[in-house]
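The values are calculated or read from the model by the stated rules, or taken from the named source; none is laboratory data. Not measured: the values here are computed from a predicted model. Here Cβ is always computed from backbone atoms with ideal geometry, including for glycine, and neighbour counts include all displayed protein chains.
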Ligand code: FAD
Ligand code: NAP
């Protein structure tokens, strides 16, 4: 029986692991289906983590986090969790992909969020063959070529700036003429000579052949079409919370959720179920920032420690 199972190895899960193990919990396993680090590892840079004045890539920034946790005894199981349910005696059953399972006295859920798809024609067909959601991972394939970045939030604008250092030109395609991104980022994008703003349009379809994507047709509100011939389009249209592991056999969620599918927690990251905590992007009203996820994780780790000890 584990003292604590942490699901997800992003900033929230790693911080929960650090505080729980350093606080004395012995049998703590972090279930992370990939390498630890979370979604920030797909970001080209992070410049707003307090105290970290050097601008690093998301991957370099997160590398020391797991090293630090492992020093205090946190174990990483590279497994995908498929469902968490509560046993009659109050412990938790953690079902893993492949049919295995674990039991734990307490659980911190920190599964974060994942990129949404925009749902234009051809998006699924050319995914991985010209359509991507990660500029750090795939930007290099388009060195000195033209690409499209889709979206109007922080991610789209920041990644358009990143792509402008690699690609010959970036078309920033957005469905409105105002952005959600922070004012300083908008200013940088507007002043970048390699970024062309293509506003008030939606993508009608992506087209290509067996070799991959050849271009996009975008259309404005009057129905005027434009053909943008590019081998790559980066889709940055927001994130979905990863909450499916809380769905029970009867279709209901294990704990109380808000209307957007986020886990409802109190200020101590307690969910409506005793012994179950949630932290980071998955929890209701999250700021969706690394520093906030880390703070939530620390709180959840401390609270899980208290729950198990008492
Ligand atoms: P995540 O980082 O999403 O981590 C969740 C982890 O859980 C993932 O590693 C995932 O593999 C794992 N997981 C999910 N489901 C399962 C399962 N069933 N079984 C096992 N493991 C599972 N924030 C900033 O503060 N500054 C920035 O500059 C910034 N830039 C960003 C740039 C991009 C491109 C993106 C996408 C986000 C950016 N953010 C930034 C937001 C920030 O990354 C998130 O707020 C933060 O990572 C949330 O942390 P988390 O631990 O809650 O979740
Ligand atoms: P977001 O803020 O939700 O923005 C998504 C963008 O995609 C919006 O501009 C939206 O348009 C557009 N969009 C949504 N669905 C679309 C569709 N089907 N087709 C075309 N366009 C579509 O998402 P995000 O930029 O990924 O940011 C997520 C969170 O992480 C935010 O809280 C953000 O602040 C945070 N984040 C922070 C940083 C940072 O602090 N430096 C960096 C990255 C992300 P509308 O505007 O018209 O709705």
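Brief remarks follow.
- Within the range 76-90, none of the residues are under 21 Å from residue 160 (Cα atoms) and either without any contact (Cβ under 8 Å) to a residue 12 or more places away in the chain or within 16 Å of ligand 2 (Cβ to nearest atom) (or both).
- Taking the range 282-307 as the range and being out of contact with any helix residue (DSSP H, G or I) (no Cβ under 6 Å at 6 or more places or on another chain) and modelled with pLDDT of 95 or more as the test, the residues that pass are 282, 283, 284, 291, 292, 295, 299, 303, 306, 307.
- In the condition set (1) within 13 Å of ligand 1 (Cβ to nearest atom); (2) outside any strand (DSSP E or B); (3) in contact with a strand residue (DSSP E or B) (Cβ under 8 Å, 6 or more places away or on another chain); (4) more than 24 Å from residue 273 (Cβ to Cβ), residue 98 is compliant with all but (3).
- Boolean, residue 103 is part of a strand (DSSP E or B), more than 21 Å from the chain's Cα centre (by Cα), surrounded by fewer than 16 Cβ atoms within 10 Å (Cβ to Cβ) and not assigned by TED's automatic domain parsing to the domain that holds residue 217: yes
- Residues that are more than 18 Å from residue 8 (Cα to Cα) and either in contact with a helix residue (DSSP H, G or I) (Cβ under 9 Å, 6 or more places away or on another chain) or within 16 Å of ligand 2 (Cβ to nearest atom) (or both), drawn from the range 237-251: 237, 238
- Taken over the range 144-159, the criterion of being more than 15 Å from the chain's Cα centre (by Cα) and not in a helix (DSSP H, G or I) is satisfied by 144, 145, 146, 147, 148, 149, 150, 151, 152.
- Residue that is farthest from residue 154 (Cα to Cα) [pool: residues in the range 38-60 that are within 12 Å of ligand 1 (Cβ to nearest atom) and in a helix (DSSP H, G or I)]: 59
- Screening residue 195 with (1) within 16 Å of ligand 1 (Cβ to nearest atom); (2) over 21 Å from residue 239 (Cα atoms) gives one miss only, at (1).
- Subset of the range 106-137 (residues that are at positive phi and either assigned to a helix (DSSP H, G or I) or surrounded by 14 or more Cβ atoms within 10 Å (Cβ to Cβ) (or both)): 112, 122, 130
Listed here are the residues, each with its yes/no results for (1) away from ligand 2 (no atom under 16 Å from the Cβ); (2) in the same structural domain as residue 143 (by TED's automatic domain parsing); (3) touching a strand residue (DSSP E or B) at 6+ places or on another chain (Cβ under 8 Å).
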position: 212; (1), (2), (3): yes, yes, no
position: 223; (1), (2), (3): yes, yes, no
position: 253; (1), (2), (3): yes, no, yes
position: 260; (1), (2), (3): no, no, yes
position: 267; (1), (2), (3): yes, no, no
position: 278; (1), (2), (3): yes, no, yes
position: 285; (1), (2), (3): no, no, no
position: 288; (1), (2), (3): no, no, yes
position: 295; (1), (2), (3): no, no, no
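- Subset of the range 165-198 that is within 24 Å of residue 212 (Cα to Cα) and within 16 Å of ligand 2 (Cβ to nearest atom) - its residue that is surrounded by the most Cβ atoms within 10 Å (Cβ to Cβ): 170
- Per-region count, the range 208-242, residues modelled with pLDDT of 95 or more and crowded, with 17+ Cβ neighbours inside 10 Å: 16
- With respect to the conditions (1) outside any helix (DSSP H, G or I); (2) closer than 21 Å to residue 40 by Cα; (3) free of Cβ contacts under 8 Å to residues at least 40 places away in the same chain, residue 186 lacks only one, and its number is (1).
- Residue check for residue 35: in contact with a helix residue (DSSP H, G or I) (Cβ under 8 Å, 6 or more places away or on another chain), modelled with pLDDT under 95 and within 14 Å of ligand 1 (Cβ to nearest atom): yes
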